[in-house]
Amino acid sequence: MKNNKVNLYYGLMVVLLVLIGISSFFFNYFYNLRDEDLSIENMIINESNKMSYNVKLFDNEFFKSSSEETSYVLSLVDNINTYFNVSTAFSSPVSGEYSYFVKGYIVMHQGDEEVKNEIYSSDVFKFNVDGSVINLSSNFDIDLDKVYSDYKNQINNLGINVTSEIRYDVTYNYSVFSEKLGKSLVNSKTLNVYVPVSDITNIKTTEDKEDLRHEYSELNQDDNKVYVIICLEFLGAIIIFILLIVLIVKRINGQVSVYQEKLTNLLDKYSSDLVYLKELPDLSKYDVIFLQDFVDLVETGRKLKLPINFIEVIEKHEATFMILKDKQVYVYKLNSKNA
């Protein structure tokens with residue numbers, strides 16, 4: 001069998017050659033990106049939000065508020081039904097998902113300190129998008145009578161004077177990918193409805209708003225610098241891999257040279273004791289005795305008055321010397337490992 005160490009060296013050389021090929025490919029790829037005239041893609045994103053509510057009093061009358069100027073007696077408000085709409089329009093198709101969730105809080109202020117107690121948390125509602133428009137519309141109820149009663153109990157137990165508000169947040173998120181820009185787009189928006197806690201109160205919501213913004217696939221000078229750095233890294237890796245291959249080749253050649261030198265000396269010095277074989281005999285029927293030193297094999301041959309049979313099993317790597325005696329065979333192996 002071929003020397004395990006030599007096999008390992010050849011295996012490492014194959015791996016290094018593969019790594020050189022891969023590194024060369026990526027070096028060429030990023031090198032060609034340098035100063036490449038890439039077109040700058042542009043996407044227009046139009047986002048808008050609206051929020052409104054209906055107030056239900058205990059006398060079952062409904063009042064639709066379109067103005068924060070409307071005042072209510074807080075203790076007479078039973079329920080607030082809140083409606084919201086969030087729309088995002090992209091100028092080219094995207095794919096991904098969007099979601100929303102609702103959380104309610106009682107926010108208490110005392111001096112510079114603020115304490116926020118969560119009183120409501122909805123599930124997270126997720127939806128897929130594969131197109132150019134996201135249009136989210138939904139509503140939720142605020143059981144103001146219950147929330148206000150719980151709040152009064154908390155304040156009475158604490159025995160302190162605080163300024164408070166009841167607030168509900170709608171958090172809208174989207175995470176989509178644009179093929180045109182070649183990148184992901186992520187955004188988040190929070191809409192609020194809040195009720196200051198006082199005998200006479202005004203319900204306030206996030207203002208209706210419409211935004212227009214642009215997203216680009218522009219590459220700046222920093223990108224070019226990054227490509228140069230990446231190219232230098234791959235070039236350095238290629239040089240290191242080549243140097244390692246050179247060292248491995250020298251190592252193998254060094255071992256082969258030592259082996260060949262020792263083999264030549266043995267063949268010249270003990271030529272009268274040797275018989276050259278054309279092929280390795282079948283030793284399965286013999287009791288094999290391995291010797292650690294060639295001199296021991298020579299002494300054994302001379303003692304038994306038998307010749308030493310020689311064959312190079314693997315050219316330039318391994319040779320076998322043996323003496324056959326009845327059912328026994330004395331063997332000495334020379335290879336690049338023990339030369």
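The values are calculated or read from the model by the stated rules, or taken from the named source; none is laboratory data. Given the structure is predicted, the values throughout are model-derived calculations rather than measurements. Glycine gets a Cβ as well: all are built from the backbone with ideal geometry, and neighbour counts include every protein chain shown. Ligands, DNA and RNA are excluded from the accessible area calculation, which covers all protein heavy atoms including side chains. Shrake-Rupley method; radii C 1.70, N 1.55, O 1.52, S 1.80 Å.
Assorted remarks:
- Under the Karplus curve 6.51 cos²θ - 1.76 cosθ + 1.60, θ = phi - 60°, whole-Hz ³J(HN,Hα) for region 182-195, x wherever Gly or Pro sits: x, 7, 8, 10, 10, 8, 9, 9, 10, 9, 10, 10, 9, 10
- Net charge in the neighbourhood of D296 (other residues with Cβ under 14 Å of its Cβ; Lys, Arg +1, Asp, Glu -1) is 0.
- The largest accessible area among T82, T163, T205 belongs to the first residue in T163, T205, T82, and the rest follow in falling order (1.4 Å probe, all chains).
- For N28 and V246, the difference between the fully extended length at 0.36 nm per residue and the C-alpha to C-alpha distance is 76.1 nm.
- Contact order relative to length of the chain, as percent, for alpha carbon pairs under 8 angstrom and 6 or more apart: 20
- Its residue count N fixes a reference of 2.2 N^0.38 Å for region 140-299, and the Cα radius of gyration divided by that reference is 2.85.
- Convex hull volume per residue in cubic angstrom - Cα atoms of the chain: 323
- Eigenvalues of the alpha-carbon gyration tensor of region 264-316, scaled by 5 and square-rooted, set the equivalent ellipsoid semi-axes at 17, 16, 11 angstrom, largest first.
- C-alpha center-to-center spacing [region 108-179, region 255-300] in angstrom: 89
- Ordering of 189-201, 69-81 by packing is 189-201, 69-81, highest average first (other Cβ atoms within 10 Å, averaged per residue).
- Difference of contour (0.36 nm per residue) and Cα-Cα distance, V14 to E113: 28.9 nm
- Surface share of carbon and sulfur [accessible, 1.4 angstrom probe, percent] for the chain: 51
- Amide hydrogen neighbours beyond the local backbone of S91, cut-off 5 Å, H modeled: I44
- Local net charge near V107, Cβ-Cβ under 10 Å (Lys/Arg +1, Asp/Glu -1): 0
- Residue among F27, F101, F321 with the largest mean-square fluctuation in a Gaussian network model of the chain, springs linking Cα atoms under 10 Å: F321
- Net charge in the neighbourhood of K305 (other residues with Cβ under 13 Å of its Cβ; Lys, Arg +1, Asp, Glu -1) is +1.
- When the Gaussian network model of the chain links Cα atoms closer than 10 Å, the mean-square fluctuations of E179, E318, E279 top out at E279.
- Placing pseudo-labels 7 Å out from each Cα toward the beta carbon at S91 and N46 gives an inter-label distance of 1.2 nm.
- Residue among D169, D296, D282 with the largest mean-square fluctuation in a Gaussian network model of the chain, springs linking Cα atoms under 10 Å: D282
- Gain on full stretching of the segment that runs from I311 to S175 - 0.36 nm per residue minus C-alpha separation: 41.8 nm
- Leading residue at positive end of dipole, the chain (Cβ point charges), from L17, F125, T264: T264
- One quarter of the surface of the convex hull around the alpha-carbon atoms of region 74-149 equals 7.4 nm², the direction-averaged projected area.
- Accessible area per residue for the chain is 61 Å², calculated with a 1.4 Å probe on protein heavy atoms, without ligands, DNA or RNA.
- Share, in percent, of DSSP beta bridges within the chain that are antiparallel, nearest 5: 95
- Nearest-ten-degree value, helix 144-158 long axis tilted from longest Cα axis of the chain: 80
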